[in-house]
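Read the structure below first, then the notes.
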Amino acid sequence: AGYGAVEVLHEVSLNVSAGEIVALLGSNGAGKSTLNNALSGLVRAPAGSVHMDGVDITRAAPTDIIALGLIHVPEGRRVFPNLNVRENLELGSYRRGRARRQRNLEKVFEVFPRLRQRVTQSAGTLSGGEQQMLAIGRGLMAEPRLLILDEPSLGLSPRSEEHHV
């Protein structure tokens, strides 16, 4: 897969089993985002195949891939800046998880309590780390079977704790 005549990926083989957490590491420009985009149907691979739960999704439309439960949180947050936190999260359940939207919203607030505190705040006024939490939370709202996080720690600061002896 690649962009135009530029081949970025070749001979990639990856298998992710249920319950597994897989981290793909590499330098800038190594093709991590291209792979994520190819899995999500945003970039078409001229050769090879992509399967999810035994279903060939190589040429599937991104909306059909989402319907199967493959949810991609792209690099760069991409929140809707003029919508508030709740509205951004609810958009995550537009295609999947709509029937359990309130329950999923509570789950996201358990994972990211800061978002509950900011629920009526415009997403564009959140800090970079809060926007990243919001983007991940929006992905979780879709009840993913496979959640792809591209640069998930971008903008997040490590939690600092004082240790007393």
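The values are calculated or read from the model by the stated rules, or taken from the named source; none is laboratory data. Keep in mind that what you see is a predicted model, and the values were worked out from it rather than measured. Positions of Cβ are backbone-derived with ideal geometry, glycine not excepted, and every protein chain shown enters the neighbour counts. When the accessible area is computed, the model is the full protein with side chains, heavy atoms only, and any ligands, DNA or RNA have been set aside. Shrake-Rupley method; radii C 1.70, N 1.55, O 1.52, S 1.80 Å.
Here are the numbers for this structure:
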{"quantity": "Angle between the chain longest axis and helix 128-140 axis [Cα atoms, degrees, rounded to 10]", "calculated": "60"}
{"quantity": "Spin-label zone in region 28-42 - amide nitrogen under 16 Å from a point set 7 Å from the Cα of residue 153 along the C-beta vector", "calculated": "28"}
{"quantity": "Answer label for mean projected area of the Cα convex hull in nm² (calculated), chosen among [x] 9.2; [y] 12.2; [z] 11.6", "calculated": "[y]"}
{"quantity": "Per residue solvent-accessible surface (Å²) - the chain, probe of 1.4 Å", "calculated": "64"}
{"quantity": "Segments 92-104, 44-56, 4-16 sorted - mean Cβ within 10 Å per residue, highest first", "calculated": "92-104, 44-56, 4-16"}
{"quantity": "At R0 = 41 Å, FRET efficiency that the Cβ-Cβ distance of residue 117 and residue 52 yields, to 0.05", "calculated": "0.70"}
{"quantity": "Computed FRET value (nearest 0.05) for residue 101 with residue 27, which takes r as the C-beta separation and R₀ as 45 Å", "calculated": "0.70"}
{"quantity": "Sulfur and carbon atoms: percent of accessible area, the chain [1.4 Å]", "calculated": "51"}
{"quantity": "Sequence-distant residues sharing a close amide H with residue 84 (under 5 Å, placed H)", "calculated": "123"}
{"quantity": "Additional length obtainable on full extension of the chain from residue 61 to residue 17, 0.36 nm per residue less Cα span", "calculated": "13.6 nm"}
